[in-house]
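Worksheet: the structure to be examined is printed underneath.
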Amino acid sequence: MKHYKSDQVIIFDTTLRDGEQSPGASMTKEEKVRIARQLERLKVDVIEAGFAASSPGDFEAIKAVCAAVKDSTICSLARANDKDIARAAEALAGANSKRIHTFIATSALHMEKKLRMTPDQVFEQAIRAVSYARNHTDDIEFSPEDGYRSDPDFLCRVIEAVIKAGATTINVPDTVGYAIPELYGQFILNLRQRIPNSDQAVWSVHCHNDLGMGVANSLAGVQIGGARQVECTINGLGERAGNTSLEEIVMALKTRKDYFKLFVGVDATQIVSSSKMVSQITGFVVQPNKAVVGANAFAHASGIHQDGVLKARDTYEIMRAEDVGWSANKIVLGKLSGRNAFKQRLQELGVSLESEADVNDAFAKFKTLADQKSEIFDEDIMAIVSNAEQHQEADYFRFISLSQRSETGERPSAKIVLRSGENENVTTAEGNGPVDATLNAIEMQAKSGAELLLYSVNAITSGTESQGEVTVRLAKGGRVVNGVGTDPDIVAASAKAYLAALNRLHDPSQEKLNAQMAP
Ligand code: KIV
Ligand code: ZN
């Protein structure tokens, strides 16, 4: 088990577990590995790679992350039962450094209504789970779910016992985002002061953002409560209003080191690429005014501010854009760039494609794009790779071609050719606009009956030459999935996004149990 200095705040990233619990954010194994490699470049201390018992897909993804990542500790979530813990241990077997994170709800509401267990039963199960987990590793995290709304006396009893049983990190979740910074900080301090063996564990905060205070609560947990681990996600991804956002925590601790006097090991220059990668893979767009990673976070639009920044940067800037990895869109490759230059750029971007055939496939797509668009940026390359990965699993429907017609005063129509298995099918449909006509034409073939929850279009770089990136979110039979499609033609990008979402609905490996919903 790794040991940290008392002035270091351990950054525990849960983008791949709690972030992924956000409806529509589920990721494939390959996508998780790409994000995990990026998190390692970002130098996060712990990566919660998933919840092994939730599905065979999650189990395999954790195994693959363990094989790919060597520097960060890899963690799997497990409910407080032997089966989940054994499954987590099996998935983590190949990790250089591993952690099992086990949890059980401790609030009266959750114990009575969700678990239907008495406090004594929960107490016994928590101890049993931690003791059992200790057979597999010495790095054990325990979370009393809905901890902030739990009775402090009961919490003290449980936490003291699980530390005695071998828990090395105690995480206090504000599962429903109910906390207020000062109160949450005091809550943690109070627990630490009352529990006799509290100094034998690292204390951790895990705050949801329902009242927009996830980051503030986490910082109060650190500053007032003395916590030395923060659980967070890239872009604050997560269910409902999301989790504490990693980039805001890291930059608050770094920028206000004068106040916190604490250290974080994260390489902040990797923040923007991590944010872009997570956004592109999940289809969860970052709002322009989001702190640190929003497109406007360092843009000075007002004349007074521009003038000030030109005279002396720190008049209006407390962080430097380049310190968090912002750089002007760079033209990285063009039509004449060869396969080696392309491969090298992939490496620099941290993308390692599995086989030479995958590199050839991506290179062919790059050449096609370079014919359509003279300047190719990093964002374009990332989109090519994301699409390639989406389509590896997207066997059910494949995009072959699209034509559409729209003219002022006429109802637009679209004709789409799709391959499904051995067959190529053609359908034509009308719609309110070319996108609507295209999606109607796809639905005529797919007959999915899925409900469209979200349709959004973004330019991935600047200028009208940019590729359009479309996100489609579909719901069917209690499942919610996202599909992302990229193309210089936004109607084609829409078709690709819709097909990617349909293919995910068809993919059984995307079905998984939600840890906190399950009894
Ligand atoms: O929010 C929560 O309570 C959790 C726990 C499983 C740590 O995610
Ligand atoms: Zn959570």
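Quick check on the range 54-62. Is at least one of its residues among the aliphatic types (A, V, I, L, M), modelled with pLDDT of 95 or more and either within 16 Å of ligand 1 (Cβ to nearest atom) or more than 22 Å from ILE11 (Cβ to Cβ) (or both)? So that I can check it myself, show each step before the final result.
In the first step, residues of the range 54-62 are kept if they are among the aliphatic types (A, V, I, L, M); the result is 61-62.
Right, trim to modelled with pLDDT of 95 or more and you get 61-62.
In the following step, the residues that additionally are either within 16 Å of ligand 1 (Cβ to nearest atom) or more than 22 Å from ILE11 (Cβ to Cβ) (or both) were identified as 62.
Yes, the range 54-62 has at least one match.
Just the residues that are aromatic (Phe, Trp, Tyr) and within 16 Å of ligand 2 (Cβ to nearest atom), please, taken from the range 144-169. TYR148, the sole residue that qualifies. Residues in the range 203-222 that are on the phi < 0 side of the Ramachandran plot and surrounded by fewer than 17 Cβ atoms within 10 Å (Cβ to Cβ): LEU211 alone. I'm checking my understanding of the structure. Among residues of the range 101-140 that are touching an Asp or Glu at 6+ places or on another chain (Cβ under 7 Å) and open to solvent by less than 50 Å² (accessible area, probe 1.4 Å), which one is nearest to ligand 1 (Cβ to nearest atom)? Among them, the one singled out is PHE103.
In the range 344-356, is there at least one residue being in a helix (DSSP H, G or I) and crowded, with 18+ Cβ neighbours inside 10 Å? Within the range 344-356, one or more residues are in a helix (DSSP H, G or I) and crowded, with 18+ Cβ neighbours inside 10 Å. Tell me, yes or no, whether the range 208-222 has at least one residue that is closer than 21 Å to MET111 by Cβ and outside any loop (DSSP other than H, G, I, E, B). Within the range 208-222 (the criterion being closer than 21 Å to MET111 by Cβ and outside any loop (DSSP other than H, G, I, E, B)), the answer is yes, since at least one residue qualifies. Restricting the first member to the range 71-88 and to residues that are without any contact (Cβ under 8 Å) to a residue 60 or more places away in the chain, and the second to residues that are acidic (Asp, Glu) and in a strand (DSSP E or B), the beta-carbon pairs closer than 8 Å and six or more apart or on different chains are SER76/GLU48.
Residue check: ASN432 meets all listed conditions (1) modelled with pLDDT of 95 or more; (2) not in a loop (DSSP other than H, G, I, E, B) but one, namely (2). Does LEU39 fit the bill of being aliphatic (A, V, I, L, M), away from ligand 2 (no atom under 16 Å from the Cβ) and within 14 Å of the chain's Cα centre (by Cα)? Yes, satisfied.
Here is a yes/no grid of residues against (1) hydroxyl-bearing (Ser, Thr, Tyr); (2) open to solvent by 10 Å² or more (accessible area, probe 1.4 Å); (3) closer than 20 Å to ILE384 by Cβ:
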residue: GLU410; (1), (2), (3): no, yes, no
residue: SER413; (1), (2), (3): yes, yes, no
residue: ARG419; (1), (2), (3): no, yes, no
residue: ASN423; (1), (2), (3): no, yes, no
residue: THR428; (1), (2), (3): yes, yes, no
residue: ALA441; (1), (2), (3): no, no, no
residue: ALA475; (1), (2), (3): no, yes, no
residue: GLY485; (1), (2), (3): no, no, yes
residue: ASN503; (1), (2), (3): no, no, yes
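Checked against the criterion of being over 20 Å from the mean Cα position of the chain (by Cα), without any contact (Cβ under 8 Å) to a residue 40 or more places away in the chain and either open to solvent by less than 10 Å² (accessible area, probe 1.4 Å) or farther than 26 Å from ALA93 by Cα (or both), the candidates SER143, SER198, SER150 yield just one match: SER198.
Quick one: would you say ARG473 is away from ligand 2 (no atom under 16 Å from the Cβ), closer than 30 Å to PRO173 by Cα and of a type in the set (D, E, K, R)?
Working: away from ligand 2 (no atom under 16 Å from the Cβ): yes; closer than 30 Å to PRO173 by Cα: yes; of a type in the set (D, E, K, R): yes.
It is true that ARG473 is away from ligand 2 (no atom under 16 Å from the Cβ), closer than 30 Å to PRO173 by Cα and of a type in the set (D, E, K, R).
Selection of the range 223-249 for residues being within 12 Å of ligand 1 (Cβ to nearest atom) and in a loop (DSSP other than H, G, I, E, B) yields GLY238, GLU239, ARG240, GLY242, THR244. Residues that are more than 15 Å from ligand 2 (Cβ to nearest atom) and surrounded by 24 or more Cβ atoms within 10 Å (Cβ to Cβ) within the range 236-248 comprise just one, GLU247. Selection over the range 57-76 of residues that are open to solvent by 30 Å² or more (accessible area, probe 1.4 Å) and either farther than 25 Å from VAL266 by Cβ or out of contact with any Gly (no Cβ under 8 Å at 6 or more places or on another chain) (or both) gives a count of 4. Looking across the range 1-38, not a single residue is without any contact (Cβ under 8 Å) to a residue 12 or more places away in the chain and at positive phi. Of the residues making up the range 162-191, those that are part of a helix (DSSP H, G or I), surrounded by fewer than 19 Cβ atoms within 10 Å (Cβ to Cβ) and either touching a strand residue (DSSP E or B) at 6+ places or on another chain (Cβ under 8 Å) or aliphatic (A, V, I, L, M) (or both) are ALA165, LEU183, LEU189.
Scanning the range 273-286 for residues that are without any contact (Cβ under 8 Å) to a residue 60 or more places away in the chain and open to solvent by 10 Å² or more (accessible area, probe 1.4 Å) gives SER279, VAL286.
Here is a yes/no grid of residues against (1) under 18 Å from PHE103 (Cβ atoms); (2) in contact (Cβ under 8 Å) with a residue 40 or more places away in the chain; (3) away from ligand 1 (no atom under 15 Å from the Cβ):
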position: PHE154; (1), (2), (3): yes, yes, yes
position: ARG157; (1), (2), (3): yes, no, yes
position: VAL162; (1), (2), (3): yes, no, no
position: ALA167; (1), (2), (3): yes, no, no
position: ILE170; (1), (2), (3): yes, no, no
position: TYR178; (1), (2), (3): yes, no, no
position: GLU182; (1), (2), (3): no, yes, yes
position: GLY185; (1), (2), (3): no, yes, yes
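Selection over the range 456-473 of residues that are among the aliphatic types (A, V, I, L, M) and open to solvent by 40 Å² or more (accessible area, probe 1.4 Å) gives a count of 2. Exactly one residue out of ARG79, ARG87, ARG17 is away from ligand 2 (no atom under 16 Å from the Cβ), of a type in the set (Lys, Arg) and open to solvent by 10 Å² or more (accessible area, probe 1.4 Å), and it is ARG87. Assess whether ALA495 counts as being in contact with a Leu (Cβ under 9 Å, 6 or more places away or on another chain), buried (at least 22 other Cβ atoms within 10 Å of the Cβ), among the small types (Gly, Ala, Ser) and under 24 Å from PRO23 (Cβ atoms). Considered against the rule, which asks whether it is in contact with a Leu (Cβ under 9 Å, 6 or more places away or on another chain), buried (at least 22 other Cβ atoms within 10 Å of the Cβ), among the small types (Gly, Ala, Ser) and under 24 Å from PRO23 (Cβ atoms), ALA495 comes out as yes.
The values are calculated or read from the model by the stated rules, or taken from the named source; none is laboratory data. No experiment lies behind these values; they were computed from the predicted model shown. Positions of Cβ are backbone-derived with ideal geometry, glycine not excepted, and every protein chain shown enters the neighbour counts. The accessibility values were calculated without ligands, DNA or RNA, using every heavy atom of the protein model including side chains. Shrake-Rupley method; radii C 1.70, N 1.55, O 1.52, S 1.80 Å.
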